Amino acid sequence: MKSEHSKGARAKLRAYFLANIGRVMESNELRRASGNISEWARRVRELRTEEGYQILTHNDRSNLKPGQYLLLNPKPVAAFERGISKETRAYVLDRNGFTCQMCGAVAGEPHPYDPARKTRLHIGHIIDKSMGGSDEPSNLRAICSVCNEGAQNLTLDRPSLQKLLVQVRRATGADQVEVLKWLIRKFPKQTAEILEK
């Protein structure tokens, strides 16, 4: 269950995004808008994954730099359901020895990269749900707040160009069109240059 403090920070960030639709926002202003909480980036991810706000980052648009965020539409879309049971969470934490699987920080101890903070563990996806990952224990790991703030939509093993093209070719025509639309949105300048040739 989330604390009232984190719920308040999420509400502040939601209001800030909705007041700045269409404007690129920097991470430092979002931290301030959250009330200067350390986990502001996690609250932004919750707005995306739990509430369905289409908050764009450099992963979505080539003209956005890391640390920049953009909300184009005030209307959320269907968000991913939270399907991880308490039993699965407990199993994953126990299996991972209550230790962050990215940096090795141990739950409750001072964090090695930020000693002012005690290590808090969360359950993270190895392959993010937005990239097709599941809520099965084999796709879950213990991850600390510090690592989790930088881990959204990261997969340790990125596919090669050849493997990616094979997957796109195997997809349905409708899915290929969706990939094309996404690429055009992400790379508008490059798309225009290609079409001019």
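Since every read-out is calculated from the coordinates, none of them should be taken as a lab result. These numbers were taken from a predicted model, which means no experiment stands behind them. A quick note on method: Cβ atoms are made from the backbone with ideal geometry, for glycine too, and the neighbour counts reach across all protein chains shown.
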Checklist entry - Considering the chain as a Gaussian network with a 10 Å cut-off on Cα pairs, which listed residue, Q54, Q162, Q101, attains the greatest mean-square fluctuation? => result Q162
Checklist entry - By its C-alpha gyration tensor, with a ≥ b ≥ c as the square roots of the eigenvalues, how is the chain shaped: rounded for a/c under 1.5, else prolate for a/b larger than b/c, else oblate? => result oblate
Item to check | Rounded to whole Hz, the Karplus (6.51, -1.76, 1.60) HN-Hα couplings of the range 10-19, x for glycine and proline | outcome: 5, 4, 5, 5, 4, 4, 5, 4, 5, 7
Next on the checklist: I want to check the label-to-label distance for N73 and K189. Put each point 7 Å from Cα in the C-beta direction and report it in nm to one decimal.
Outcome noted: 2.5 nm
Checklist entry - So which cysteines in the chain don't have a second cysteine's C-beta under 4.7 Å from them? => result C103, C147
Next on the checklist: Straight-line reach from K189: which lysines fall under 16 Å, measuring Cα to Cα and dropping same-chain residues less than 8 apart?
Outcome noted: K65, K181, K197
Checklist entry - Most mobile of A107, A41, A19 per a Gaussian network model of the chain (Cα springs, under 10 Å)? => result A19
Checklist entry - Per the helix-only calculation at 222 nm, which mean residue ellipticity applies to the chain, given -39500 (n - 2.57) for every DSSP H run of n ≥ 4 and division by its residues, nearest 500 deg cm²/dmol? => result -12000 deg cm²/dmol
Checklist entry - Considering the chain as a Gaussian network with a 10 Å cut-off on Cα pairs, which listed residue, V24, V177, V106, attains the greatest mean-square fluctuation? => result V177
